[in-house]
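Working notes, structure below.
Just so you know, all these numbers are worked out from the coordinates, no wet-lab data involved. As the structure is a computational prediction, the values presented were derived from the model and not from experiment. Ideal geometry is used to build each Cβ from the backbone, glycine not excepted, and the neighbour counts take in all protein chains shown.
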Amino acid sequence: MTEATRPERIAPGDSRTVDLDGPVHYIDFGGPDDGPTVVLVHGLGGSHLNWDLLAPLLRPHTRILAIDLPGFGRSEPGGRRASVQANVEVLDRFLAEVAGTPAFLVGNSMGGMISILTAARSPEAVSGVVLLDAAVPGPRGKPDPLVAASFALYALPLVGERVLRLRRQRQTPLRRVRELLQLCGVDPDSVPAEVIDRSVTLIEERRDVEGMDKAFLAAARSLLRLLAAPRSYRAAMSAVAAPVLMIQGDQDRLVPVTAARDVAARNPRWQYVELAGVGHLPQMQVPDRVAAEVLDFIGVTTGP
C-alpha cells in the first residue's frame, strides 16, 4: 500500500489518496485518536461530499473517514470493476489498510448494501453498522415513476450509456446537483452554498467522464441484480454479527419505507428508527438527528 496526502484541503476534511490496486480517494475528517473509528460509505452516484454536514457533528467524538469508491467522487475508475461485489473488496481492504482498527460502518443507499456485505464477509473488521436508507429488497408497492423509469433505462445495455451521455450534454453541473438533491428529498436551497459549489466543482473536474459513467452503470446493474434475486443478500444480513442500526426516512422515493420495515422485521436484533418527513439522504436533510442516533448507537457520551 502506498499513500499520498494531497496538498490542498477540501473542507471540512483533509483529502487523501491510497493505492488499493488503483487510487482510492478519501477524506480524513480527523477526530480523537482514542475515539472509535467511523468509515462513511456513500451511495450510488454519491461521494465524500454526501457527509459534509454529518461528519463535523461526529468528529468531536469519533475518528471519521469518508471513502470515495472506485468510479465515484475523486476515485478515478481506471480499468477497475465498479460492481457492488468489487466495492465490497475495496472497502474490506480500506478497513484493513487505512482505518487500521475494527470500525463502525455508516452506509447510505448502495453504501448500506456494501456495508452489510462487508460486515458479513469480515466480521473481525466491523464493530457495528449504521444503515441510512440502505438499498434493501422488500415489498415495494407502487414504485415512484421517475425512479422506476430511470433504473429501467440504466439496466439496458447501450441505452443506459446513452441516457447518461445525453444528460451530461443537456444539463449543467449545477442543474444536475440540484435535481439529484430534489430526487433524494433534499431542498437544494437548504444546503449550504459551499456544499453545492463543491459538488459542482467535483463534476467539472472529473477527468475520465466516460469511465465514471461506466462505473455508475456497473454499480447500478449489480445493485439491481442483488435486489431482484436477494437470497444471498438476505443471507448476508442474517450473518452480520455486529450490532446494526437501521435509519429510514418515510418519504424516501428510492428505497420505499415498506421495504425497510420488512427488512427490520426479518432482522429483529437490529435497531430500527424511522424519520418522519425525511427522504433518501437523512445525513443531509436532518444531520443533527442522524448524528445523535449514530453517537448513541456507538455508545459515545456527548453530554455532561
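Scan the helices (runs of 4 or more DSSP H) fully inside region 198-304 and keep the ones with 2 or more residues being within 21 Å of Leu69 (Cβ to Cβ).
The qualifying helices (runs of 4 or more DSSP H) are 209-228, 231-239, 282-285, 287-298.
Scan Pro56, Pro32, Pro36, Pro60 and give me the residue that is in contact with a Ser or Thr (Cβ under 7 Å, 6 or more places away or on another chain) and either polar (S, T, N, Q) or over 19 Å from Arg206 (Cβ atoms) (or both).
Pro36
Please count how many residues of region 260-298 are touching a residue at least 40 places away in the same chain (Cβ under 8 Å), out of contact with any Leu (no Cβ under 8 Å at 6 or more places or on another chain) and of a type in the set (Gly, Ala, Ser).
Qualifying residue count for the region: 2.
So Arg176 ticks every box in (1) touching a residue at least 40 places away in the same chain (Cβ under 8 Å); (2) in contact with a Lys or Arg (Cβ under 8 Å, 6 or more places away or on another chain); (3) charged (D, E, K, R) but one. Which box is left unticked?
Going through (1) touching a residue at least 40 places away in the same chain (Cβ under 8 Å); (2) in contact with a Lys or Arg (Cβ under 8 Å, 6 or more places away or on another chain); (3) charged (D, E, K, R) one by one, Arg176 breaks only (1).
How many of the residues in region 28-53 are without any contact (Cβ under 8 Å) to a residue 40 or more places away in the chain and part of a strand (DSSP E or B)?
Number of matching residues: 3.
Which of the following residues is touching a residue at least 60 places away in the same chain (Cβ under 8 Å) and charged (D, E, K, R): Asp213, Asp197, Asp252?
Asp252
Could you pull out the residue among Val163, Val136, Val159 that is β-branched (Val, Ile, Thr) and under 25 Å from Val200 (Cβ atoms)?
Val163 is the lone residue from the list that is β-branched (Val, Ile, Thr) and under 25 Å from Val200 (Cβ atoms).
Quick grid of which residues meet (1) surrounded by fewer than 23 Cβ atoms within 10 Å (Cβ to Cβ); (2) not hydrophobic (A, V, I, L, M, F, W, C):
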site	(1), (2)
Val18	yes, no
Asp28	yes, yes
Gly31	yes, yes
Val39	no, no
Phe72	no, no
Gly78	yes, yes
Gln85	yes, yes
Ser109	no, yes
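Go through region 49-61 and count every residue that is crowded, with 24+ Cβ neighbours inside 10 Å and either more than 10 Å from the chain's Cα centre (by Cα) or of a type in the set (Lys, Arg) (or both).
4
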